[in-house]
C-alpha cells in the first residue's frame, strides 16, 4: 500500500493532490489503517467509501474492494456525463432561441413599427400583438428579469426546507418523462452502493443506512429509510423495498433473487447495471425527441415575428396599387 501511495503521489496532477496523497502515506506509515487515514479527510472521501475500504481491510480483500470502488466511480461518472450530454444540446438551443426572440422583439420590431407610425391604416392583428409584446419587453423586461431571479431565489430557499423539498421531490418523481429518469438514476445509485457495501462485508443495516444517504431525492430517501426500519424488524430486504412504490419494480425483484440464491451483492449490482442502462437509453430518447421539437418551435416563433413585420408591408404595397 505504501508503494502504491508513493507511485500515486508521483503521478498526481497538481500540488493539492500530491500533498493529500503524501499525508495519507505518512499516516499509513505511522501505523494507521488506510480507512482511518481516509476518514481524516471527509471532504475528499465519503463515509461510504471509507466504510467499504475498512471492510476490505478487515476481510483481507482490500485490492478487490479498491478495484470495485474504481469501477463504481467510473460507472457513475460515465452515467452522469451521458445525462449532461443529453441535456446540453436542448439547453443550448433553448438559450439561442430566447436570445434571438428577444433581439427581434426588442430591436427589429420597434424599428419596423416606426415606419408605420404615421399610417392611419389598421395594422394586422399579428403585428399589433407583436408590438404589444415588444413594448412590454422594452418597458418591463428588466423588472420581469428581476422577478424571475427573485422567484428562483425564493424557490431555492423553500427547497432548503425539508418539508418543501420532500414534497417537491415526490412531485418530481410523478412527472411523465423526467420522473422515470429520476427514479432510475437514484435507484441505480442506491443499488450500486448497497451492492458494493454488502459485497465488502458491511452489515446489511449499516449498508442500507449508507446507501439511503446517497439518494438525492428526499422522497426516495424517506422510502429507503422506512425499508431500513422494516429490515431491522426482521422483514426481508426485497419485501421491504417492494412496499415502497417509488422504487422501480426491478430493484425488489433482483433483491428477492439475491436473497433466495444467497448472492445479494451480485444481483443488486445487476439491478444497478440494468437501471443505469435504462436511464441512458431513456435520456437519449428524450434528447432525440426534444431536439427537433425545439428547433421547430424556434422556427415557428421566428416565422411569426417575420410575418408580423412583413404583413403590414404587403398590405401597404397592395394599397399603393
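Just so it is clear, none of the values below were taken in a lab; they were calculated from the coordinates. Model, not experiment: these values are computed from the prediction. Methodologically, a virtual Cβ is constructed for each residue, glycine included, from the backbone with ideal geometry; neighbour enumeration extends over all protein chains shown.
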Once the mean of 1/r over all distinct C-alpha pairs in the range 200-265 is inverted, the Kirkwood radius in Å reads 11.9 Å
When a footprinting reagent is the concern and you count Cβ atoms within 10 Å, what order do 59, 276, 114, 239 take, fewest first? 114, 59, 239, 276
If one compares the long axis through the Cα atoms of helix 125-159 with the longest principal axis of the Cα atoms of the chain, the angle in degrees, nearest 10, works out at 20 degrees
Along the Cα→Cβ direction, 7 angstrom out, place labels at residue 213 and residue 142. What is the inter-label distance in nm? 4.8 nm
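With r defined as the distance between the Cβ atoms of residue 95 and residue 71 and R0 fixed at 30 Å, what FRET efficiency is calculated, to the nearest 0.05? Write out the running numbers ahead of the final one.
Working: r = 36 Å, r/R0 = 1.19.
Efficiency for this residue pair is about 0.25.
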For the residue pair residue 102 and residue 204, what label-to-label distance in nm results when each label sits 7 Å from Cα along the Cα-to-beta-carbon direction? 5.5 nm
Across 132, 200, 86, the residue with the highest GNM fluctuation in the chain (Cα network, 10 Å cutoff) is 132
Quick check: the distance between the Cα centres of the range 134-163 and the range 262-312, to the nearest angstrom? 26 Å
Most exposed first, judged by fewest Cβ atoms within 10 angstrom, 267, 161, 196 run 161, 267, 196
Taking only the alpha-carbon positions of the range 229-318 as identical scatterers, the Debye log10 I(q)/I(0) at q = 0.16, 0.19, 0.22 Å⁻¹ comes out as -0.77, -0.90, -1.03
Restricting to Cα pairs under 8 Å and 6 or more apart, the percent relative contact order of the range 209-279 works out to 19 percent
With springs only between Cα atoms under 10 Å, which of 187, 238, 91 fluctuates most in a Gaussian network model of the chain? 91
Assuming 0.36 nm per residue, please report the length gained on full extension of the stretch residue 159 to residue 266 beyond their Cα-Cα distance. 34.9 nm
Alpha-carbon Rg with Dmax, taken over the range 11-116, Å: 25.8, 86
Among 11, 67, 233, residue whose mean-square fluctuation peaks in a GNM of the chain (springs only between Cα atoms under 10 Å): 11
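With a Förster radius of 30 Å, plug the Cβ-Cβ distance of residue 44 and residue 289 into 1/(1 + (r/R0)^6) and report the FRET value to the nearest 0.05. Numbers along the way, then the final one.
Details: r = 39 Å, r/R0 = 1.31.
Given R0 = 30 Å and the Cβ-Cβ separation, E is 0.15.
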Multiplying the sequence separation of residue 19 and residue 81 by 0.36 nm and subtracting their Cα-Cα distance, what value in nm do you get? 19.5 nm
Can you compute the modelled spin-label distance between residue 313 and residue 8, with each label point 7 Å from Cα toward Cβ, in nm? 6.6 nm
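May I ask you to derive the relative contact order of the chain, considering only C-alpha pairs under 8 Å and at least 6 residues apart, and to give it as an integer percent? Provide the component values of the computation, followed by the final result.
Numbers: 284 pairs, mean separation 63.8, N = 321.
20 percent.
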How big is the gap, in Å, between the Cα center of the range 212-258 and the Cα center of the range 1-61? 32 Å
For helix 250-261, what angle does its Cα long axis make with the longest principal axis of the chain, in degrees from 0 to 90 and rounded to 10? 10 degrees
Can you order the peptides 39-45, 179-185 by their average number of other Cβ atoms within 10 Å per residue, highest first? 179-185, 39-45
The range 71-321: Rg/Rh from Cα coordinates, Kirkwood Rh? 1.20
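Need one number: convex hull volume per residue for the range 63-144, Cα atoms only, in Å³. It would help to have the intermediate numbers written out before the result.
Working: hull volume 9.4 nm³, N = 82.
Residue-normalised Cα hull volume stands at 114 Å³.
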Would you calculate the volume per residue, in Å³, of the smallest convex hull containing every Cα atom of the range 2-70? 87 Å³
Please arrange 127, 261, 193, 277 by counting, for each residue, the other beta carbons lying within 10 Å of its beta carbon, fewest first. 261, 277, 127, 193
